[in-house]
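Q: Pasting a structure below so you can have a look.
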Ligand code: ADP
């Protein structure tokens, strides 16, 4: 495959228009997992704002020990390090602002309308067919004394993956290339993502909840969902009615009981 819009250390550095987010920036042709390698850099003292971009992950991760698969040179795979002095329960705001920033970046660069599937997926196309997953966010966080200590926000976006190389996945996958019919510049997408995310982070850091904007893009509300817990006995079916300020999903079951579902331990099927 001819490589379109290659990523390199120079391309990543040229993409930085932000004041502090993405500085310093590291580029790897290959790593095990951008979240895991950035965690190692964090332990070695890397500052808030550090960015790690990879062209390929040998052990890319999803939530709950699932895998994130992406062919070499086709995707935007990056992790960002934050050291927020935020109360622990605000950790979910990072997932919310990353989803918003990624959605806005895709929209800015391609014109495609991006929606969010609770809690951490970027989806395309529901107006014309089934919703398809084009990206995901993964937060790895550590806490100390009820506060967030180190937060690593990983993002995987299927940019230029041809249809035949899309991975097997529970929700049908797609890429920007497929949705648009032409390849998309990964450096441009990265630049836009960092710019949007820096703005959202500043707002969240000042205490402004991202919930209203985030909820506007959620495809999950008003629909019947099955939330699978760690055991089948812990599964809940009901209508997703709303979210709370921390991004938890409020699901009303057939008996009228309202359940608060936190993102960390739930997997969602939408009927
Ligand atoms: P969930 O959507 O259940 O929260 P995650 O966000 O943790 O799952 O992402 C992992 C899951 O996403 C995998 O189990 C697989 O079904 C799917 N997947 C893996 N790689 C990709 C990809 N490049 N594009 C779309 N879906 C993917």
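The values are calculated or read from the model by the stated rules, or taken from the named source; none is laboratory data. All values reported here derive from a predicted model rather than from experimental measurement. Please note: Cβ atoms are built from the backbone with ideal geometry, for glycine as well, and neighbour counts cover all protein chains shown.
Q: For the range 57-72, give me each residue that is under 17 Å from residue 39 (Cα atoms) and either surrounded by 22 or more Cβ atoms within 10 Å (Cβ to Cβ) or in contact (Cβ under 8 Å) with a residue 24 or more places away in the chain (or both).
A: 57, 58, 59, 60, 61, 62, 63
Q: All but one of (1) closer than 22 Å to residue 8 by Cβ; (2) away from the ligand (no atom under 16 Å from the Cβ) hold for residue 35, so report the exception by its number.
A: Here residue 35 meets the rest and fails (2).
Q: Inspect the range 221-234 for any residue being assigned to a loop (DSSP other than H, G, I, E, B) and at pLDDT 95 or above and give the result as yes or no.
A: Taking every residue of the range 221-234 in turn, none turns out to be assigned to a loop (DSSP other than H, G, I, E, B) and at pLDDT 95 or above.
Q: Something else now. Take the range 101-119 and flag every residue that is within 16 Å of the ligand (Cβ to nearest atom) and crowded, with 22+ Cβ neighbours inside 10 Å. Before you say what the answer is, go through the steps one by one.
A: As a first pass, look at the range 101-119 and keep what is within 16 Å of the ligand (Cβ to nearest atom): 102-103, 106, 112, 114-119.
Correct list: 102, 103, 106, 114, 116, 118, 119.
Q: Let me ask something else about it. I'd like to know if the range 161-169 contains one or more residues that are over 21 Å from residue 121 (Cα atoms), in contact (Cβ under 8 Å) with a residue 60 or more places away in the chain and either buried (at least 21 other Cβ atoms within 10 Å of the Cβ) or away from the ligand (no atom under 13 Å from the Cβ) (or both).
A: no
Q: From 94, 100, which residue is more than 16 Å from residue 150 (Cβ to Cβ) and at pLDDT 95 or above?
A: Of the residues listed, the single one that is more than 16 Å from residue 150 (Cβ to Cβ) and at pLDDT 95 or above is 100.
Q: Kindly indicate whether residue 50 is over 22 Å from residue 21 (Cβ atoms) and either touching a strand residue (DSSP E or B) at 6+ places or on another chain (Cβ under 9 Å) or more than 14 Å from the ligand (Cβ to nearest atom) (or both).
A: no
Q: Sticking with this one: Of all residues in the range 127-146, how many are surrounded by 13 or more Cβ atoms within 10 Å (Cβ to Cβ), more than 21 Å from residue 52 (Cβ to Cβ) and more than 13 Å from the ligand (Cβ to nearest atom)?
A: 1
Q: Restricting the search to the range 3-29, which residues are in a loop (DSSP other than H, G, I, E, B), at negative phi and in contact (Cβ under 8 Å) with a residue 40 or more places away in the chain?
A: Those that are in a loop (DSSP other than H, G, I, E, B), at negative phi and in contact (Cβ under 8 Å) with a residue 40 or more places away in the chain: 3, 4, 6, 7, 15, 16, 17, 18, 19, 20, 21.
Q: Here are some conditions: (1) under 23 Å from residue 179 (Cβ atoms); (2) away from the ligand (no atom under 14 Å from the Cβ). Residue 73 meets all but one. Which one does it not meet?
A: Checking residue 73 against (1) under 23 Å from residue 179 (Cβ atoms); (2) away from the ligand (no atom under 14 Å from the Cβ), the one that fails is (2).
Q: Checking the condition over 18 Å from the mean Cα position of the chain (by Cα) and under 20 Å from residue 57 (Cα atoms), which residue from 144, 140, 185, 206 passes?
A: Step by step, each of 144, 140, 185, 206 is checked, and only 185 is over 18 Å from the mean Cα position of the chain (by Cα) and under 20 Å from residue 57 (Cα atoms).
Q: Same structure, new question: Which of the residues spanning the range 255-264 are at pLDDT 90 or above and more than 13 Å from residue 235 (Cα to Cα)?
A: The answer is 255, 256, 257, 258.
Q: Report yes if residue 178 is farther than 30 Å from residue 245 by Cβ, in a helix (DSSP H, G or I), touching a helix residue (DSSP H, G or I) at 6+ places or on another chain (Cβ under 8 Å) and modelled with pLDDT of 95 or more, otherwise no. Give the steps one after another, and end with the answer.
A: Numbers: farther than 30 Å from residue 245 by Cβ: yes; in a helix (DSSP H, G or I): yes; touching a helix residue (DSSP H, G or I) at 6+ places or on another chain (Cβ under 8 Å): yes; modelled with pLDDT of 95 or more: yes.
Yes, satisfied.
Q: While we're on this one: Against the definition (over 18 Å from the mean Cα position of the chain (by Cα), surrounded by fewer than 22 Cβ atoms within 10 Å (Cβ to Cβ) and assigned to a loop (DSSP other than H, G, I, E, B)), how does residue 46 come out, yes or no?
A: yes
Q: Inspect the range 181-201 for any residue being under 24 Å from residue 269 (Cα atoms) and within 15 Å of the ligand (Cβ to nearest atom) and give the result as yes or no.
A: For the range 181-201, residues under 24 Å from residue 269 (Cα atoms) and within 15 Å of the ligand (Cβ to nearest atom): absent.
Q: Would you call residue 206 surrounded by fewer than 15 Cβ atoms within 10 Å (Cβ to Cβ) and more than 16 Å from the ligand (Cβ to nearest atom)?
A: So residue 206 passes the test.
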